[in-house]
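For reference, the structure discussed in these notes is given below.
The values are calculated or read from the model by the stated rules, or taken from the named source; none is laboratory data. It should be emphasised that the depicted structure is a prediction, and the values quoted were computed from it without experimental measurement. Because the Cβ atoms are built from the backbone with ideal geometry, glycine has one as well, and the counts that use them run over all protein chains shown.
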Amino acid sequence: MISKKTCIPCQGGIPPLEHKEINTLIQQLEDGWKVYKNKEIRKIYIFTQYTDAIIFTNKIAELSEKEGHHPFIHIEYKKVTIILFTHKINGLHENDFILASKCDIVLKSLK
């Protein structure tokens with residue numbers, strides 16, 4: 001189970017995941033995660049209140065610090081978009097899928 005793993009520092013110099021590897025890993029995530037250009041994954045979370053969106057965002061920030069892997073986070077009132085890719089390899093790494101799975105766990109913990 002990918003959510004049981006921990007992100008490992010990526011030193012760069014390795015190739016990003018191939019299409020086949022990406023498809024295998026995306027199937028391990030909750031619904032809603034989408035692959036863009038084989039270089040990033042994204043998910044949009046919708047909340048009923050602005051403050052819920054901010055609480056979720058702050059929890060993702062804490063998780064990101066703990067994992068040492070930081071997503072782009074876009075907040076649009078009650079909508080939060082998480083965008084994950086690994087900067088050092090300009091593409092996807094297993095870390096992106098690990099953090100994605102943990103974002104969904106954070107959401108469940110807030111309900």
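Does Lys43 satisfy being more than 17 Å from Lys111 (Cβ to Cβ) and either basic (Lys, Arg) or modelled with pLDDT of 95 or more (or both)?
Numbers: more than 17 Å from Lys111 (Cβ to Cβ): no; either basic (Lys, Arg) or modelled with pLDDT of 95 or more (or both): yes.
So Lys43 fails the test.
Out of all the residues in region 92-111, which are among the acidic types (Asp, Glu) and within 16 Å of Glu40 (Cβ to Cβ)?
Within region 92-111, the first condition is being among the acidic types (Asp, Glu), and the residues that meet it are 94, 96, 104.
Selection gives Glu94, Asp96.
Suppose we filter region 20-31 for residues that are outside any loop (DSSP other than H, G, I, E, B), more than 17 Å from Ile89 (Cα to Cα) and of a type in the set (D, E, K, R); how many remain? Spell out the reasoning first.
We begin by selecting, within region 20-31, every residue outside any loop (DSSP other than H, G, I, E, B); these are 20-26.
Restricting the remaining residues to those that are more than 17 Å from Ile89 (Cα to Cα) gives 20, 23-26.
Imposing the further condition that a residue be of a type in the set (D, E, K, R) reduces the set to 20.
Adding up the residues that qualify gives 1.
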